[in-house]
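What follows is a set of notes on a single structure, which appears directly below.
The values are calculated or read from the model by the stated rules, or taken from the named source; none is laboratory data. This is a predicted model, so every value here is computed, not measured. Note that each Cβ is placed from the backbone with ideal geometry, even for glycine, and that neighbours are counted across all protein chains shown. Heads up: the accessible areas ignore ligands, DNA and RNA and are worked out on the full protein's heavy atoms, side chains in. Shrake-Rupley method; radii C 1.70, N 1.55, O 1.52, S 1.80 Å.
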Amino acid sequence: MEVAILFLLTVGLMLIGVPIAVALGFSSTLFLLVLSDTSLASVAQSFFQAMDGHYTLLAIPFFILASAFMSTGGVARRIIRFSIACVGHFPGGLAIAGVFACMLFAALSGSSPATVVAIGSIVIAGMRQVGYTKDFAAGVIANAGTLGILIPPSIVMVVYASATDTSVGRMFLAGVIPGILAGVMLMVTIYVMAIVKKLPRGEWRGWGEVAASGRDAAWGLFLIVIILGGIYGGIFTPTEAAAVAAVYAFLIANFVYADMGPLKTAEDRPNLPLWRKPLALVTVFFHKDTKDTMFEAGKLTITLMFIIANALILKHVLTDEQIPQRIATAMLDAGLGPVMFLVIVNVILLIGGQFMEPSGLLVIVAPLVFPIAIELGIDPIHLGIIMVVNMEIGMITPPVGLNLFVTSGVAGMSMMAVVRAALPFLAVLFVFLILVTYVPILSTWLPTMMMGPEIVIR
Amino acid sequence: QCDDGEIVIKFSHVTNADNHPKGIAASLLQTRVNEEMNGTACMEVYPNSTLYDDDQVLEAMLQGDVQFAAPSLSKFEQFTKVFRIFDLPFMFKNIEAVDAFQASEAGQAMKESMVRRGVLGLEFWHNGMKQLSANKPLIEPADAQGLKFRVQPSEVLKAQFEALGASPQPMAFSEVYGALQTGVVDGQENTWSNVYGQKFFEVQDGTTETNHGALDYLVVVSTDWWDGLDAGVRDQLATILNEVTTERNAAVAEVDAQARQAILDAGGEIRELTTEQRQMWVDAMLPVWDQFIDDVGQENVDAAQALNANF
Amino acid sequence: MAKTPPPDSALGRFVNEFEETCIALILGAMTLITFVNVVLRYGFNTGLIWGLEATSFLFAWLVLFGVSYCVKVTAHLGVDAVTGALPPAWQRGMALAAAAICIAYAALLMKGAWDYWANFANLPQTTGRWFPTGLEEMGRTSYRAWYEVIDIPFPEWLRWIEPLMNEGEHYEKLPRFIPYAILPIGVALLLFRFCQAAWRIWTGHSRSMIVSHEAEDAVEDVAHMNREG
Ligand code: NA
Ligand code: NA
């Protein structure tokens, strides 16, 4: 019962406008002080260890940084051009291209809101110009942006892997097929809507444009090869892959596209090639764009990690009170089967996703349900993908929906308007959630193919 | 859950509770304490690093937030250097020699080596002798040359691999399986039960039976907490712990052999060394001793070598 | 991208620049160390053995140093769906209540941070469970400045602290009180910024402790492309 009070207190604090991180940390600290003999010093230790003791979580700042360099440095813009060249001529073409661009950017970025900002800020305006309603445009991008955490790399997968000691590499592979499937489902939905509603289509500019835009975007898209190739080719660990991605994105943004940094010129003139200004190799480190991008990425990391660190304090409470064992015993004694269990997990996550930022929620829920899942013979990787898809849905449902949040900013609409706009496509994601939940092979086939069956060590 | 008035003894460790030698011993200790000391004391075991990992747990113990811990001996580097003797390659012939050394006067004295740092060792728990594995056959020391081995953070282990001409790589334990599989690192060293438990054998070419070092744990408490217990409680706790230790340490050879067999059954490759081949490994690694002789004490090395003769 | 409220004094601008530069530099250092280690291992079969530990500490420094900055610029995430629907007087009341909770949180964490760090620096912890009621009497085990980190070597230019902190004994590795010092420092800054934020709400200069949808400016520079009129 204490646990119920703990959760109610946390949610209550959030609702009166306490920052999520503080709501988690404050209620957990109260509980530790009242219920256990744990000291405040150990709360501080938990806080510090959130960063110092969870090596896997280091991937978060690195992926955020890579993403920041790619949006500022012109990668997103080129990906959009390529997407339009490929699918822009279908009915509803620009919307479909928006989804396709979100999928491609998702393969470079670990975060959903970052995907919305990078793609949405350009595509939504473009869609309005050719005659789509703002609602439709915002709804498409808010939904497609959630693929940022399903298509690898993914910050949420990193958090799940860290919380449950599963392999990040496997999680990344597991997201590939569901990610493509979800993208295709969204595109097909748009296609059908476009035919029914007679939505505008672009014109086919020929294979030349596909090739030209593809070449232009290739430097950015090559990052997919670097990340996945490097991890599965044994050059670096997933955490290190994130750092390599950040360095690569920095180089591309500053020296190849030069849409930022010392080689950038005024809007209408082509950026300088490096050989014209080799000193840029040095000055780039002191350039304002570099500092600003790093600082913005740092700031985002801090707000995210503040939530995760406090969620870990809450997890400390649950562990200390041996709640996971008690819940596991209760659920297993109730004779729960895998099917019912997964329904319950989905419901918990969908409700939790209304109030919580995804990474923080995962830190708390994963240790609660993971032992039961293992007991019931559910594949840990499959469970992870289910959780990620739930988090996607949480991102486009109020009151806490990070994607709604950034979409409303990007599109200049109120939150509630974005919620209404996102609703039809949300239905698609729900169907997709059911599919992913009850067809485990969608998630497990690729990792099993590439890395052998997942081994449960516990 | 503990009742009111009982002394709460939190025991945090990093392995599973039912398969790993340490986890089994901890679970047995928990059962016995909670049965035999019911009403007086109550032990809560937190396995799988759910509460603390091996490094944090010692901080938490000094802080008074956890009472029992059993880190591996190489985790005490910050407290004392004497345990480096167990990491030194080919110091002990087998686990029986390790056991005899720990029971000797020299070994018993080591349990008190950290008292000035506020930590008291109660009992040594065995895991077993370490073996070497890599993504290519390791028959002679030259085979390890140029390979990257994952090591625990320990000066001795780094020096050991450098002596082989290999490159020691620090790496978070949770990343090791994936890193071995993809080839980020080439090899690792561990006991049979860890090689089996972590499934390392599946992503390695084979495991070479070198028995080159010991992987043991020390059950520790903080001196402040231990000295503050009633003498009667302390004695009863020590007695139960001692009996559990004797029982589980005696069984560890069998757990080890089972793990070894299980690896074979699962299709894992195990390479045994001839006497000559083994001697080559000894010759390659022995120079490492000189670097650490001041840390571990010549008299302790002599004691260990004298005991080796009995096995 | 995001614009911080322009600091109104030279000192304010300096502090702001200092905070932003530190955040950028720490993140840059983490990235570089990790990247260099990959290059060294893959390319040269070697590596910085302390790289992993140093990066982890820098990560902690980034977050603990930066968390107070994020309070200053109201960047922390929260839920404004309920408060946003209330009349202004209620909003103000709730914002003040939220601010009080934040201050209480930081105060508790401050005691914890001090208590955790103090013994590592041979300083006394505070007594009391909830609130500091005094300073502990230093026992034999309260002196823990000998406690070193795992891999990061002790820098030679710091040798002069050995007589002060370690009874003259030689440090091989960095003592823990150095990386851990960010804990009391960062939490003290956090407490200070929460008090400031509460004052801003009290005086009517700010409306809440959390980033709000209306005020969201992380995307402002692109929003003009979509806004009507
Ligand atoms: Na992604
Ligand atoms: Na939500």
Checklist entry - Given the residues A:Ala114, A:Ala97, A:Ala137, which is the only one that is among the aliphatic types (A, V, I, L, M), away from ligand 2 (no atom under 16 Å from the Cβ) and away from every other protein chain (no Cβ under 14 Å)? => result A:Ala97
Checklist entry - Restricting to region C:163-190, what's the tally of residues that are charged (D, E, K, R) and within 11 Å of chain A (Cβ to nearest Cβ)? => result 1
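Is region A:381-400 home to any residue that is among the hydrophobic types (A, V, I, L, M, F, W, C) and within 21 Å of C:Ala85 (Cβ to Cβ)?
From region A:381-400, those among the hydrophobic types (A, V, I, L, M, F, W, C) are A:381, A:383, A:385-389, A:391, A:393, A:395-396, A:400; that's our starting set.
Imposing the further condition that a residue be within 21 Å of C:Ala85 (Cβ to Cβ) reduces the set to A:396, A:400.
Scanning region A:381-400 turns up at least one residue that is among the hydrophobic types (A, V, I, L, M, F, W, C) and within 21 Å of C:Ala85 (Cβ to Cβ).
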Checklist entry - Residues in region B:272-311 that are open to solvent by 40 Å² or more (accessible area, probe 1.4 Å) and either under 17 Å from B:Asn190 (Cβ atoms) or not in a helix (DSSP H, G or I) (or both): how many? => result 7
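Inspect all residues belonging to region A:157-170 and state whether any of them is within 16 Å of ligand 2 (Cβ to nearest atom) and either small (Gly, Ala, Ser) or in contact with a Ser or Thr (Cβ under 6 Å, 6 or more places away or on another chain) (or both). Explain how you work it out, then say what you get.
Let us first name the residues in region A:157-170 that are within 16 Å of ligand 2 (Cβ to nearest atom), namely none.
Looking for residues that are within 16 Å of ligand 2 (Cβ to nearest atom) and either small (Gly, Ala, Ser) or in contact with a Ser or Thr (Cβ under 6 Å, 6 or more places away or on another chain) (or both), one finds none in region A:157-170, hence no.
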Checklist entry - Within region A:71-78, is even one residue within 16 Å of ligand 1 (Cβ to nearest atom), open to solvent by less than 20 Å² (accessible area, probe 1.4 Å) and more than 7 Å from every other protein chain (Cβ to nearest Cβ)? => result yes
Item to check | Close pairs (9 angstrom Cβ cut-off, 6 or more residues apart or separate chains): within 13 Å of B:Val33 (Cβ to Cβ) in region B:234-250, surrounded by 12 or more Cβ atoms within 10 Å (Cβ to Cβ) and among the hydroxyl-bearing types (Ser, Thr, Tyr) anywhere | outcome: B:Gln236/B:Thr40
Next on the checklist: Among the numbered criteria (1) away from chain C (no Cβ under 14 Å); (2) not in a helix (DSSP H, G or I), which one does A:Phe432 miss?
Outcome noted: (2)
Next on the checklist: Can you pull out every residue in region A:79-115 that is open to solvent by less than 20 Å² (accessible area, probe 1.4 Å), more than 12 Å from ligand 1 (Cβ to nearest atom) and aliphatic (A, V, I, L, M)?
Outcome noted: A:Ile79, A:Ile80, A:Ala85, A:Ala95, A:Ile96, A:Ala97, A:Val99, A:Ala101
Checklist entry - Pick from region A:140-199 the residues that are among the hydroxyl-bearing types (Ser, Thr, Tyr) and in a helix (DSSP H, G or I): which of them is most open to solvent (accessible area, probe 1.4 Å)? => result A:Tyr191
Checklist outcome for this item: Taking region B:131-145 and keeping only residues that are buried (at least 23 other Cβ atoms within 10 Å of the Cβ) and either among the β-branched types (Val, Ile, Thr) or closer than 30 Å to B:Phe11 by Cβ (or both), one is left with B:Gln131
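Which one is farthest from ligand 1 (Cβ to nearest atom) among residues in region A:130-172 that are among the hydroxyl-bearing types (Ser, Thr, Tyr) and closer than 19 Å to A:Tyr191 by Cβ? If you could, list the steps in order and put the result at the bottom.
Of region A:130-172, the ones among the hydroxyl-bearing types (Ser, Thr, Tyr) are A:132-133, A:146, A:154, A:160, A:162, A:164, A:166-167.
Still in the running and closer than 19 Å to A:Tyr191 by Cβ: A:132-133.
Details: A:Tyr132: 25, A:Thr133: 28 Å.
Residue satisfying both the conditions and the ranking: A:Thr133.
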Next on the checklist: Within region C:37-60, does at least one residue satisfy the condition of being without any contact (Cβ under 8 Å) to a residue 24 or more places away in the chain, closer than 30 Å to A:Ile16 by Cβ and buried (at least 22 other Cβ atoms within 10 Å of the Cβ)?
Outcome noted: no
Next on the checklist: Restricting to region A:370-415, and then to whatever is open to solvent by 10 Å² or more (accessible area, probe 1.4 Å) and closer than 21 Å to B:Leu51 by Cβ, can you tell me which residue is farthest from ligand 2 (Cβ to nearest atom)?
Outcome noted: A:Glu375
Item to check | Within region A:339-361, considering residues that are within 16 Å of ligand 2 (Cβ to nearest atom), more than 14 Å from chain C (Cβ to nearest Cβ) and open to solvent by less than 40 Å² (accessible area, probe 1.4 Å), the one farthest from A:Gly12 (Cα to Cα) | outcome: A:Asn346
Checklist entry - Restricting the search to region B:148-165, which residues are at the interface with another protein chain (Cβ under 9 Å from one of its Cβ atoms), surrounded by fewer than 23 Cβ atoms within 10 Å (Cβ to Cβ) and modelled with pLDDT of 90 or more? => result B:Lys158
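Looking at this structure, is A:Asn390 assigned to a helix (DSSP H, G or I), under 21 Å from A:Ile151 (Cβ atoms) and at pLDDT below 85?
Numbers: assigned to a helix (DSSP H, G or I): yes; under 21 Å from A:Ile151 (Cβ atoms): yes; at pLDDT below 85: no.
No: the conditions fail for A:Asn390.
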Checklist outcome for this item: For A:Ile227, the lone unmet condition from (1) within 12 Å of ligand 1 (Cβ to nearest atom); (2) within 30 Å of A:Ser408 (Cβ to Cβ); (3) hydrophobic (A, V, I, L, M, F, W, C) is (2)
Checklist entry - Of the residues in region A:1-38, how many are open to solvent by 10 Å² or more (accessible area, probe 1.4 Å) and more than 7 Å from chain C (Cβ to nearest Cβ)? => result 16
Checklist entry - Does any residue in region A:216-238 that is over 24 Å from A:Ser167 (Cα atoms) come within less than 9 Å, Cβ to Cβ, of a residue that is of a type in the set (Asp, Glu) six or more places away or on a different chain, and which pairs are these? => result none
